[in-house]
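My questions will all concern the structure given below.
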Amino acid sequence: MKVAVALLASAALATLVPASLPAHSRPADTVDPSLPTQLPRTAIPHHYGLTVTPHAGRLTFDGRVTIDLEVIKPTRELVLNAADLKFTSASLRQAAGVATLPARIATDVDAQTATFTFPNTLSPGAYHLEIAYSGKINTQANGLFALDYKTKAGKEARSLFTQFEAADARRFIPSWDEPDYKATFDLTARVPANEMAVSNMPPASSRKIAGGLKEVRFQTTPIMSSYLLFFANGDFGRITKAAGNREVGIVMTRGNEAKAQFALDAEAQILPYYNDYFGTPYPLPKLDNVGGPGQSQFFGAMENWGAIFTFEYAILNDPAITTEAGRQDIFVVEAHEMAHQWFGDLVTMAWWDDLWLNEGFASWMENKATGHFHPDWGAEIDRVASREGAMGLDSLNSTHPVVQQVRTVEQANQAFDSIAYSKGESVISMLEDFAGPDVWRDGIRRYIAAHKYQNSRTTDLWSAVEAAGAKGLTTVATDFTTQPGIPLITVGQSQCVNGSTAVTLTQGQFSADRPQEVAANPRSWHVPVKANAGGATVQVVTSGRTAQLTVPGCGPLLINPGQYGYYRTLYTPQQVEALTTSLPRLAGMDQYGLISNGLSLSLTGYQPMQPGLDLLNAMPANGSAKVVQQIVGRWDSLYDRLDGDSAAQGAIAARVVRAYGPRLQALGFTPRAGEPAVDALLRPTLIGTLGKYGDANVRTEAARLFAAWKTSPDAIPGSLKSTWLSVIARNADAATWEAIHERAKATTGTVERTSLYQLLGRAKDETLARRALDLALTNEPGKTVSSGMITAVAGQHPRLAIDFVLAHLAQVNELIDISGRSRFMQRLAGSSRDPALIPVLEGYANANLAPTDRKPIQQAVDRIRYESTQAPRIRAETAAWLTAHPAG
Ligand SMILES: [Zn+2]
């Protein structure tokens with residue numbers, strides 16, 4: 001639909017603007033015509049001078065922007081991105097300073113564009129486009145948005161933030177809102193005089209103006225993509241630290257300064273490390289991380305250049321509620337967003353097709369930095385967990401390549417998935433291992449130096465790393481980033497010849513939902529396969545169907561030691577048996593990788609359940625805490641699959657309690673000063689799982705703590721509060737549920753309050769789950785809290801939550817970011833294996849999503865279909881295995 005609002009330029013708008021263009025302007029067509037674009041490639045913006053006046057109380061803002069641009073092809077119109085903006089006036093001045101041209105403005109709601117048409121054709125050259133407009137302040141994280149919260153004194157307060165990635169800068173500023181239109185920005189904000197305004201750059205000036213306001217003018221940004229612009233204002237505090245010759249800072253709602261210290265220390269630690277790693281120093285004068293009181297179903301933090309945004313739960317270390325996992329996440333999330341300051345902000349993907357360059361790289365770097373500064377946190381196990389997460393999606397027919405086609409705004413939003421993040425991370429881990437860490441780093445340095453302040457594509461990265469010395473990397477990298485799916489390496493019979501193990505490897509493709517089809521017609525990769533048989537580790541790069549491998553030693557043959565490879569390995573039964581026996585002696589990451597590999601093959605039918613369960617059962621109870629945490633999760637996932645078979649579930653519960661109960665006893669129910677961080681992580685996992693299985697010790701302690709907590713909120717240690725209350729909430733009766741509800745209402749701290757409301761969604765009791773859903777649609781929890789309650793209900797009752805959402809779709813959509821809406825249903829279906837849900841999901845997609853935007857639903861459907869097909873076999877074989885292997 002194209003709505004025309006004819007307007008004439010007002011003379012008053014033609015204010016003084018510099019008549020010359022910035023030095024970097026080029027007369028040629030510098031915009032890459034091969035990129036997909038929603039905008040005609042007729043003009044290039046160079047600089048935006050924006051003044052914005054938010055009206056927080058009435059959720060609107062006024063904006064006035066002057067864009068210095070260059071017309072590169074004769075045209076009568078300029079097409080910009082704009083969404084939900086109302087235009088007051090627009091005019092165009094030629095740089096030479098001749099007459100002002102009035103513009104007729106037409107907006108296209110579906111295309112999210114505004115077209116400015118002029119009385120005559122514009123010849124190529126420099127112009128200034130001046131636009132006055134107004135826009136909406138949203139209540140979810142899109143464009144300029146408000147987060148409401150309660151101050152410590154219990155007063156209602158509102159702060160404002162922006163969130164623009166992927167395509168929401170256009171809700172704040174009419175602009176060429178695509179990543180390859182890089183420009184500089186001057187932002188001026190008129191805000192209440194007693195509040196703080198924050199943007200990418202430090203303020204250049206601040207002066208009081210009428211109406212109790214001040215006008216803050218920020219320094220000019222470096223040339224950057226529009227999605228990286230940032231603005232916030234509110235009753236903030238800011239703490240800072242020097243990191244070399246730059247200032248790092250944490251901005252947060254006032255009063256939370258002490259809770260921000262952990263994030264500030266991390267930021268100051270990470271910046272010099274990245275300066276060194278990337279070889280190009282961080283270019284802006286300061287780097288803030290701005291905390292916002294709320295949450296989103298789409299994202300947790302955003303890498304705006306110089307002004308990272310992070311929701312409070314991932315930036316404030318709150319002794320009243322932050323778990324050990326949450327505390328570590330503060331470091332990890334910051335390491336991720338800071339890596340983007342180079343990978344994404346300084347060098348930006350040319351188009352969303354290459355989004356993985358941003359997200360895969362930052363995900364990989366977050367673990368690298370975490371491993372560097374906190375070697376005791378077990379980041380290498382998280383790396384393996386990431387690979388397993390990616391393979392869950394990548395084993396479905398509806399997966400997609402790492403480098404994928406993105407044509408619509410919605411597809412850009414959907415591109416932020418586990419393929420971009422976790423498969424991207426896993427492939428980079430494999431390639432770093434292939435290149436060697438020093439060569440890889442040198443390649444990254446070349447890449448950053450060659451493309452800084454510009455846009456790049458995936459192939460530019462491979463060229464830079466090959467040029468640094470990683471021979472053959474491009475072949476491997478291209479196979480893994482342009483093809484979807486997972487290689488399957490089938491290992492032939494081992495032969496011991498002269499003290500070495502000789503085997504034939506056969507390459508195929510692993511598929512959860514179409515094993516026959518891919519076996520008949522598998523994709524082919526160049527796979528770097530490593531192997532160890534008790535001597536030195538060797539590597540071969542497969543090419544074609546089979547490869548011969550000779551490995552020193554005749555011990556158990558382990559494929560993929562170190563777990564850098566992105567593939568599944570199907571061993572012979574004898575090989576699995578030998579590995580099962582030797583499992584206790586393997587490194588933690590290999591124990592975890594091998595068990596995950598075995599279970600995955602068993603659950604998808606590539607082998608019976610028995611070898612997978614044997615491996616799982618071989619994990620020593622006194623193994624690495626971080627691995628044990630994962631292994632307990634694997635048992636628990638089997639427990640859920642056996643729903644309805646109380647004998648088999650009882651057998652799993654007994655086995656887990658018998659194996660890991662003593663471990664919990666040794667850890668104790670209470671955190672100990674100075675204990676290893678991984679122990680502090682394992683404790684909540686064991687409390688939660690044993691509590692779920694009805695372990696008497698855990699239930700008794702939970703009841704005792706809950707009784708004390710009802711009268712004193714500090715009776716449960718903050719780092720275990722959500723753990724213990726989860727055990728309680730899951731088994732809650734009406735009185736217990738109401739007690740948590742009352743405490744949620746009375747709590748002011750946003751993070752604690754949010755987590756209490758979410759606990760209300762965890763009840764197993766269906767009546768209470770319904771109450772949580774009804775409560776989510778009231779104004780009580782708060783605009784960004786409600787969707788998390790619905791998600792919590794879906795954990796236990798996916799069908800109930802989905803039916804509820806479908807019955808209240810318009811209301812629920814108001815509670816979710818625009819960018820997250822098309823994926824919310826996929827998330828709600830995440831814990832379901834019920835085939836009856838398939839037509840419900842398909843009906844939802846057909847009625848509400850464009851055919852181009854249905855991939856997330858298709859993925860949910862594919863997963864449910866194959867899991868429900870495999871379920872009878874998995875249940876029967878697991879029950880039989882449990883009977884044959886009594887817990888003791
Ligand atoms: Zn990211």
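So what's the Cα pair-distance distribution over segment 803-888, bin width 5 Å, in %?
2, 13, 20, 19, 14, 8, 7, 6, 5, 4, 1, 0
What is the Cα radius of gyration of segment 511-633 over 2.2 N^0.38 Å, N being its residue count?
That ratio works out to 1.08.
For the chain, build the charge dipole from Cβ charges (+1 Lys, Arg; -1 Asp, Glu) around the Cα centre, then report which of 357, 493, 332 sits farthest towards its positive end.
Final value for the positive-end residue is 332.
With θ set to phi - 60°, apply the Karplus curve 6.51 cos²θ - 1.76 cosθ + 1.60 along segment 604-620 and write out the HN-Hα couplings as whole Hz, x wherever there is a Gly or Pro.
9, x, 6, 8, x, 5, 4, x, x, 5, 4, 5, 4, 6, 7, 4, x
Which listed residue (651, 555, 630) has the Cα farthest towards the positive end of the charge dipole for segment 494-651, taking +1 on Lys and Arg C-beta and -1 on Asp and Glu C-beta about the Cα centre?
555
Which of 368/626; 471/626; 182/208 have a Cα-Cα distance over 29 Å?
Over 29 Å apart, Cα to Cα: 471/626; 182/208.
Any chance you could give the angle, 0 to 90 degrees and rounded to 10, that helix 261-278 forms with the longest Cα principal axis of the chain?
Helix 261-278 sits at roughly 90 degrees to that axis.
Something else: Check residue 347: other-chain or 5+ apart residues with amide H under 5 Å from its amide H, H built from backbone geometry?
Correct list: 453.
Here's a follow-up. On full extension of the chain, what length is gained from residue 238 through residue 734, given 0.36 nm per residue of separation minus the C-alpha to C-alpha distance?
Extra length available between residue 238 and residue 734 comes to 174.3 nm.
Ok, one more. If r is the Cβ-Cβ distance from residue 156 to residue 707 and R0 is 25 Å, what FRET efficiency results, to the nearest 0.05?
0.20
What lysines could a cross-link reach from residue 152, if we take a straight Cα to Cα line under 22 Å and drop same-chain neighbours fewer than 8 places away?
Candidates past the 8-residue exclusion: 259, 710, 721, 745, 783.
Also: For segment 126-233, just list the percent of Cα-Cα distances falling in each 5 Å bin from zero outward, please.
Bin by bin from 0 Å, the calculated values are 2, 11, 18, 22, 22, 14, 6, 3, 1, 0, 0.
Additional query: Going by alpha carbons, how many degrees (0 to 90, nearest 10) lie between the helix axis of 677-692 and the longest principal axis of the chain?
Helix 677-692 sits at roughly 70 degrees to that axis.
Then there's this: Along the charge dipole of the chain, pointing to its positive end and built from +1/-1 on Cβ of Lys, Arg, Asp and Glu, which listed residue (422, 756, 315) has its Cα farthest out?
After comparing all options, I get 756.
Tell me which trypsin sites (Lys or Arg not before Pro) from segment 124-194 have a DSSP coil assignment and no more than 14 other beta carbons within 10 Å of their own.
152, 155
Another one. Where does segment 260-400 land on the Kirkwood hydrodynamic radius, alpha-carbon pairs, in angstrom?
15.9 Å
Further, regarding this structure: So what is Rg over Rh here for the chain, counting just Cα atoms and using Kirkwood for Rh?
0.97
Using a Förster distance of 60 Å, how high is the FRET efficiency between residue 654 and residue 449, based on the Cβ-Cβ distance and rounded to 0.05?
About 0.50, to the nearest 0.05.
Output the 0 to 90 degree angle, nearest 10, between the alpha-carbon long axis of helix 355-373 and the longest principal axis computed from the alpha carbons of the chain.
That works out to roughly 60 degrees.
Kirkwood hydrodynamic radius of segment 667-826 from all distinct Cα pairs, in Å?
Roughly 16.5 Å, rounded to one decimal.
Coordinate-derived values only; no laboratory data. Every value quoted in this text rests on a predicted model; they were computed, and no experiment measured them. Cβ sites come from the backbone with ideal geometry, for glycine too, and all protein chains shown count toward neighbours.
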